[in-house]
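These notes are about the structure you will find just below.
The values are calculated or read from the model by the stated rules, or taken from the named source; none is laboratory data. The model shown is predicted, which means the values in this text are computed figures rather than measured ones. Cβ: placed from backbone, ideal geometry, glycine included. Neighbour counts: every protein chain shown. These accessible areas exclude ligands, DNA and RNA; they are computed on the full protein's heavy atoms, side chains included. Shrake-Rupley method; radii C 1.70, N 1.55, O 1.52, S 1.80 Å.
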Amino acid sequence: QLTPSSFLRIGQLSNVDLNEDVRELETELPRQHPNEIPHNEKLLSLKYESLDYDNSENQLFLEEERRINHTAFRTVEIKRWVICAMIGILTGLVACFIDIVVENLAGLKYRVVKGNIDKFTEKGGLSFSLLLWATLNASVVMVGSMIVAFIEPVAAGSGIPQIKCYLNGVKIPHVVRLKTLVIKVCGVILSVVGGLAVGKEGPMIHSGAVIAAGISQGRSTSLKRDFKIFEYFRRDTEKRDFVSAGAAAGVSAAFGAPVGGVLFSLEEGASFWNQFLTWRIFFASMISTFTLNSVLSVYHGNPWDLSSPGLINFGRFDNEKMGYTIQEIPIFIFMGVVGGILGALFNALNYWLTMFRIRYIHRPCLQVVEAMLVAAVTATVGFVMIYCSRDCQPIQGSTVAYPLQLFCADGEYNSMATAFFNTRVVSLFHDPPGSYNPMTLGMFTLMYFFLACWTYGLTVSAGVFIPSLLIGAAWGRLFGISLSYLTKGSIWADPGKYALMGAAAQLGGIVRMTLSLTVIMMEATGNVTYGFPIMLVLMTAKIVGDYFVEGLYDMHIQLQSVPFLHWEAPVTSHSLTAREVMSTPVTCLRRIERVGTVVDILSDTSSNHNGFPVVESNPDATQVGWVLLTRGCSWGPPKVFVERATLSVVQRRLKLKDFRDAYPRFPPIQSIHVSQDERECMIDLSEFMNPSPYTVPQVMARDPSAPQRPGGHGLCMPAWGCTLSLSRQVVGMVTRKDLARYRLGKEGLEELSLAQT
């Protein structure tokens, strides 16, 4: 029986401080830190939800689209271009800020250390210099690690695996928040200044993605400021496209490679792509590198000389001096094999190290201590190698920023100190033959390889690009020196050329990028001539590396148990039918449903999905719709309950603006009080349900990603799909996790277990 008061209830949701709710839940459930967290690589986490990368063509959406005329659509398109320009400008400015601050702080630290070493070289007592260097490094890294571990853990690492997951359609908490950007920028500055074997280029991709996500929404949820602009773009589909542009702008700012940025976003990042997106992303990338170039040129006192296109500079390679011949092609392929093997070794060691960290070093305080330990050990190893090295080179004619004399004669500097003090790869490419002793390069390669492997995965903001390039350039130059010695100093055996190929081979062997990395290296060197050998090296490194282990980013995605969907389904999975992979039983809703039923379903923590089929049985057939009712309660910020038996009742209808105002942080169902009377009201789901969901017969056995293939990869549905029996009854549901739990292992097709890890 329905009371008269239940015919119409429209109540506004009171302002809810979601942060307070989260804090209350945390105090109710105190954290328990076991000594060991049992972690199994054969698990798939249930804590990750899918982003809705499919426009739900419900009544509200279609009504708004009908109201928008041609002029309004043109305005929306212009806004897209304006946003891309703003993404490029801000990403370039952030890159400038990082570069200038790192240059000044690192310069100050190296001057202090160099002065101290020079002082104690004469007096004796160099152990004080070692202590000073290790203490400085550990102190700076401690601050950088603490802000990441205690304030925003998602800012750790380069952020590329997280952005790959986001663009793939997986919701990673806090990944594109303003607070994450601030911690990322401060963290990467402190990590590089702290002397860790890291680079500042990788995190630029994450930084660009966060900037894009914030600008495209026209507001900041962290600052609780809504500028009431770009409201049309407040949905997952539009936000995803801008994040792709931000990631490309980050690559462009880091390497001065706008085309490489677009290709990186296509190859490594975006899971969904279209032709219109390509041109906008290229525009954002070009604006980004131009902004960085302009600002840094003014900063360096050459406002009209745009000679700083990216954070990293490979220098200019002269075609006449450093060309290559046909007989060098097999040598380049051999270097690719070496790069693939070394990259696979790096990834395998880092895999076991990351497993150890997940199991034992999971407390923030332990993570900070480990980061400080690595910083101190890095300084100690560097100092000992400099102390033991007798590789002295003349200062005259060299471009070393901080030449350290130590035990060398007057007018000479220690070459090993240059390798550790100066983390610019350009010196290994362009220093004349004889600038480095082979023993120096060999020891540096060996030590830096293990230091970089230990460092990647620490709770600090840092990238792996620069360490990989340094390691590769060092062993590549060593290879070139050896080749020159064997060929009696032939003019074609230039060490700088082989340093470039070694850098490409090492980086390709670790991250397994091919197309984008080829173009990035070509743009960074400003030389198209090396395009073919670089491509050969990268292809070989990828083929050899993939034979042993996965790429570094894919490996870390797998270790985090993320339901990531690759371009293709596993080759042996085509015989699986929908009946075998679907989730059962299915919770279905009626088109007009009781509010109490909806609230109970959303409050049920045992449910593993947030989308529900809406069914309405007719004598002829069952009609199926789809509604996304997240535990964040996206069915509307206002409570709108209506009993539609009395059609004469005038009601306030929901609008898309109600959803956009609450996006992306919808209030949790626990924060909405529903009285007993309201539980008896009825809610009509037809306005915001998708009337044409993806449905497949339960005997379907072909590749489920096929319907989505032209526009990208993923499921045949963004995060869900219904499985129908022959009588069109809903008998199951296929979600992202149902497909992601099948993967190709060493012994064939493996099925992962689902767990709340």
Residues of segment 538-553 being over 21 Å from Gly457 (Cβ atoms), surrounded by 17 or more Cβ atoms within 10 Å (Cβ to Cβ) and not β-branched (Val, Ile, Thr), in sequence order, are Leu538, Met539, Ala541, Lys542
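Every residue in segment 583-593 that is in a loop (DSSP other than H, G, I, E, B) and over 29 Å from Leu744 (Cβ atoms), please. Write out each step before concluding.
Filtering segment 583-593 down to residues in a loop (DSSP other than H, G, I, E, B) leaves 584-588, 591.
Result: Pro585, Thr587, Cys588, Arg591.
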Listed by range, helices (runs of 4 or more DSSP H) wholly within segment 213-311 having at least 3 residues that are among the acidic types (Asp, Glu) are 236-255
- Item | Selection status of Val251, buried (at least 24 other Cβ atoms within 10 Å of the Cβ), under 24 Å from Phe61 (Cβ atoms) and not assigned by the TED database to the domain that holds Leu628 | no
Log entry, pairs with first residue in segment 553-582 being at positive phi, second being assigned to a loop (DSSP other than H, G, I, E, B) and open to solvent by 30 Å² or more (accessible area, probe 1.4 Å), beta carbons closer than 6 Å, six or more apart or on different chains, reads Ser561/Thr757
Over segment 63-111, the set of residues open to solvent by 40 Å² or more (accessible area, probe 1.4 Å), closer than 19 Å to Phe230 by Cα and in contact (Cβ under 8 Å) with a residue 12 or more places away in the chain is Lys79, Trp81, Met86, Ile89, Leu90
Within segment 328-369, restricting to residues that are under 13 Å from Leu536 (Cα atoms) and touching a Pro at 6+ places or on another chain (Cβ under 8 Å), the one that is most open to solvent (accessible area, probe 1.4 Å) is Ile329
### Message
With the structure loaded, tell me whether Gly315 is open to solvent by less than 20 Å² (accessible area, probe 1.4 Å) and either assigned to a helix (DSSP H, G or I) or of a type outside the set (Val, Ile, Thr) (or both) or whether it fails that test.
### Response
yes
Considering segment 124-158, residues that are within 21 Å of the chain's Cα centre (by Cα) and without any contact (Cβ under 8 Å) to a residue 60 or more places away in the chain, and then whichever is least open to solvent (accessible area, probe 1.4 Å), we arrive at Glu152
Residues of segment 708-746 being at pLDDT 75 or above and in a loop (DSSP other than H, G, I, E, B), in sequence order, are Gln729, Val734, Thr735, Arg741
Examine segment 266-275 for a residue that is more than 20 Å from the chain's Cα centre (by Cα) and either in the same structural domain as Ala524 (by the TED database) or among the basic types (Lys, Arg) (or both), and state whether such a residue exists.
no
Taking segment 159-179 and keeping residues of a type in the set (Val, Ile, Thr) and either outside any helix (DSSP H, G or I) or open to solvent by 40 Å² or more (accessible area, probe 1.4 Å) (or both) leaves Val170, Ile172, Val175, Val176
Conditions (1) open to solvent by 10 Å² or more (accessible area, probe 1.4 Å); (2) in the same structural domain as Ile160 (by the TED database); (3) farther than 21 Å from His174 by Cα; (4) in contact with a Ser or Thr (Cβ under 7 Å, 6 or more places away or on another chain) -> Ser307 fails only (2)
Of the conditions (1) buried (at least 22 other Cβ atoms within 10 Å of the Cβ); (2) among the charged types (D, E, K, R); (3) more than 17 Å from the chain's Cα centre (by Cα), the single one that Arg235 does not satisfy is (1)
Flagged in segment 432-485 as out of contact with any strand residue (DSSP E or B) (no Cβ under 9 Å at 6 or more places or on another chain) and assigned to a loop (DSSP other than H, G, I, E, B), in numbering order, are Pro432, Pro433
**OP:** Determine, yes or no, whether Ile183 is crowded, with 24+ Cβ neighbours inside 10 Å and not hydroxyl-bearing (Ser, Thr, Tyr).
**Re:** no
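Answer yes if at least one residue in segment 239-247 is in the same structural domain as Gly88 (by the TED database), farther than 25 Å from Phe73 by Cα, crowded, with 20+ Cβ neighbours inside 10 Å and β-branched (Val, Ile, Thr), and no otherwise.
No: zero hits.
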